[in-house]
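Working notes for the structure below.
We did not get these values from a lab; they are worked out from the coordinates using the rules stated. All figures in this text were calculated on a predicted structure; none of them were measured in a lab. When we count neighbours, we look across all protein chains shown, and the Cβ atoms used for this are built from the backbone with ideal geometry, even at glycine.
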Amino acid sequence: MNRLEGKVAIITGGNSGVGAATAKKFAAEGAKVVITARREAQLEAVANEIKEAGGEVLPVVGDISKPEDAGKMVAAAVEKYGKLDILVNNAGVLDNGLKAIDKFAEEDVNKVLDINTKGTMFMIREASKEMAKNNYGSIVNVASVAGVMGCGGAAYVASKAAVVGITRHTALRFAGTGVRCNAICPGTIVTPMVAGMKPDNMDMDIFGQMMKHNDLKVAPCMPEDVANMLLFFASDESRAITGQSIVTDFGSTL
């Protein structure tokens, strides 16, 4: 308990799944959490759960794919709590049906890159400015095993591989300053986003190839599993680690 006592954390995509689980865990560990998402009703529901459990939370509605909204989120955290210690870039979307490189649609690429990649970069740009003022901060990006192994739709793989790259870039930029950046790369996570995938819209060619390289006997991650990893990288227990991207999939892709 109290592993994040006195820390201020922004968690994007805090309205459900991994983001909601992470916000609740961080608040229980003593952090003041700022949760962001586009859907206000879901965001407020998570905020109310945190408050009822005795946690400190500020919900901020916004779209990370818009640079002005990213700035608004960081400004709201600093105005309310006076600083920013932790950023968890969790918000993300899947492409439509795991379309492979020979089948992807341009609208999928634009949507997925705008949120998964550009949104992550916008948030890092704004958060790192505040963290640099205090020579302290932990940025944790939720990438994906898809960005490491190529197992996913082309648009999604591209977006998450870019997150892995920008993680190393950010760590290099701030090495030695007290501001660090890491990424976790989960495998399949049981969340509403994944549950919404429809089999009749799947690209079975790439899906079949993925199944050849995955151990289906291995359990998927639950949101709490990912939240536990995020807690470690957000806390000072991992203060010697920066620029790393860790696959968290129970070994299914080994």
Simple label model, 7 Å out from Cα along Cβ direction - N110 to E40, nm: 2.7 nm
Measuring from the longest principal axis of the C-alpha atoms of the chain, the long axis of helix 154-174 (C-alpha) lies at a number of degrees, nearest 10, equal to 30 degrees
Taking the Cα-to-Cβ direction at A132 and at A240 and moving 7 Å from each Cα, how far apart do the two end points lie in nm? 2.8 nm
Using a Gaussian network model of the chain whose springs link C-alpha atoms within less than 10 Å, name the residue from I241, I50, I166 with the highest mean-square fluctuation. I241
For the range 3-22 and the range 35-59, write down the distance between their C-alpha centroids in whole Å. 10 Å
Residues M222, M123 in order from fewest to most other beta-carbon atoms within 10 Å are M222, M123
Using Cα atoms only, what is the angle between the long axis of helix 120-134 and the major principal axis of the chain, expressed in degrees (0 to 90) to the nearest 10? 20 degrees
DSSP-defined antiparallel bridges as percent of all bridges, the range 8-246, nearest 5: 0 percent
Counting just the Cα atoms, what span does the range 1-97 cover along each of its three principal axes? Round to the nearest Å and put the largest first. 40, 25, 21
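Determine the sum of side-chain charges near G178: Lys and Arg each +1, Asp and Glu each -1, restricted to other residues whose C-beta is under 15 angstrom from that of G178.
Values: positive: K7, K83, K129, K133, R173, R180, R239; negative: D85, E130, D236.
For residues surrounding G178, the net value is +4.
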Suppose every K and R has +1 on its Cβ and every D and E has -1 on its Cβ; what is the size of the dipole of the chain about the Cα centre, in Debye to the nearest 20? 620 debye
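Where Rh is the Kirkwood radius over the Cα pairs of the chain, the temperature 20 °C and the viscosity 1.002 mPa s, what D in µm²/s does Stokes-Einstein return?
Values: Rh = 18.1 Å.
For these conditions, the coefficient is 119 µm²/s.
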Pairs beyond 31 Å (Cα-Cα), from K7/K99; K72/K103; K24/K129; K25/K99; K25/K83: K7/K99; K72/K103; K25/K99
Using a Gaussian network model on the chain with a 10 Å cutoff between Cα atoms, which of A240, A41, A75 fluctuates the most? A240
Calculate how steeply helix 17-28 sits against the longest principal axis of the alpha-carbon atoms of the chain, using the helix alpha-carbon long axis, and give the answer as 0 to 90 degrees to the nearest 10. 20 degrees
Among S238, S138, which comes first, then next, by fewest other beta-carbon atoms within 10 Å? S238, S138
Please identify, among V46, V88, V140, the residue showing maximal mean-square fluctuation in a Gaussian network model of the chain using a 10 angstrom Cα cutoff. V46
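Taking Cα pairs under 8 Å and at least six residues apart, what relative contact order does the range 32-185 come out at, in percent? Walk me through the intermediate numbers first.
Details: 255 pairs, mean separation 33.8, N = 154.
That works out to 22 percent.
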